[in-house]
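Only one structure is covered here, and it is reproduced in the block below.
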Amino acid sequence: QVQLVQSGGGLVQPGGSLRLSCVVAGNFFSTYVLGWYRQAPGKQRELVAVITSGGSTNYADSVKGRFTISRDNAKNTGYLQMNSLKSEDTAVYYCNAGIGGVFAWGPGTQVTVSS
């Protein structure tokens, strides 16, 4: 099974920025769809952003204009740049990668937006 390693979470003040990274093991990263999801306490996991193998992107309405998903196929790494963070962005963020209905999850990283 594909393994994903996440980094980049932490505590940030409202209005601040963070960048999350997700390194995906293996030789087929460039073919994968890569997604970022988040789960806040007491809520269901929700899709934040997704990027296809061709570079097409899609975002949840709540993060449009503030978050940017990207990928570097040479480094087997996906990114989520988060700007203008709000308290409601506080959640555990998970990356997800795969193809053809077979996907793997990262372990999650905590993002806390608080003054």
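The values are calculated or read from the model by the stated rules, or taken from the named source; none is laboratory data. As the structure is a computational prediction, the values presented were derived from the model and not from experiment. Methodologically, a virtual Cβ is constructed for each residue, glycine included, from the backbone with ideal geometry; neighbour enumeration extends over all protein chains shown. Note: accessible area is taken over every heavy atom of the protein model, side chains too, but ligands, DNA and RNA are not part of it. Shrake-Rupley method; radii C 1.70, N 1.55, O 1.52, S 1.80 Å.
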**Asked** Under a plain spin-label model, where a point goes 7 Å from the Cα along Cα-to-Cβ, how far apart in nm are Ala40 and Ser87?
**Response** 1.0 nm
**Prompt:** For region 41-115, with every protein chain kept in place, what is the accessible area per residue (1.4 Å probe, Å²)?
**Reply:** 53 Å²
**Asked** Which of Asp89, Asp61, Asp72 moves the most in a Gaussian network model of the chain with Cα springs under 10 Å?
**Response** Asp61
**Prompt:** Once the Cα gyration tensor of region 49-115 is found, what semi-axes does its equivalent ellipsoid get, as square roots of 5 times the eigenvalues, in whole Å, sorted largest first?
**Reply:** 22, 14, 11
**Fill in**
Using the Kirkwood formula on alpha carbons, the hydrodynamic radius of the chain in angstrom works out to 14.0 Å
**Prompt:** Can you list the lysines whose alpha carbon is less than 16 Å from that of Lys86, not counting same-chain residues fewer than 8 positions off?
**Reply:** Lys64
**Carbon/sulfur fraction of accessible area - the chain, other protein chains in place, 1.4 Å, %** = 49 percent
**Item:** Spacing of the two label points (7 Å from each Cα toward its C-beta) at Asn73 and Thr52, in nm
**Value:** 1.4 nm
**Item:** Dipole moment magnitude, nearest 20 debye, the chain about Cα centre, only Lys, Arg, Asp, Glu C-beta charged
**Value:** 60 debye
**Prompt:** In whole Hz, what ³J(HN,Hα) sequence does region 50-65 give by Karplus (6.51, -1.76, 1.60; θ = phi - 60°), x for Gly and Pro?
**Reply:** 9, 9, 7, 4, x, x, 6, 10, 8, 9, 5, 4, 5, 10, 4, x
**Asked** Could you give me the ³J(HN,Hα) list for region 37-48, computed from phi with Karplus coefficients 6.51, -1.76, 1.60 and θ = phi - 60°, whole Hz, x at Gly and Pro?
**Response** 10, 9, 9, 8, x, x, 10, 6, 5, 10, 6, 9
**Asked** What number comes out for the charge environment of Thr90, summing +1 per Lys or Arg and -1 per Asp or Glu over other residues with Cβ under 12 Å away?
**Response** +1
**Message:** If you take every residue apart from Lys43 with its C-beta less than 14 Å away from the C-beta of Lys43, what net charge results, scoring Lys and Arg +1 and Asp and Glu -1?
**Reply:** -1
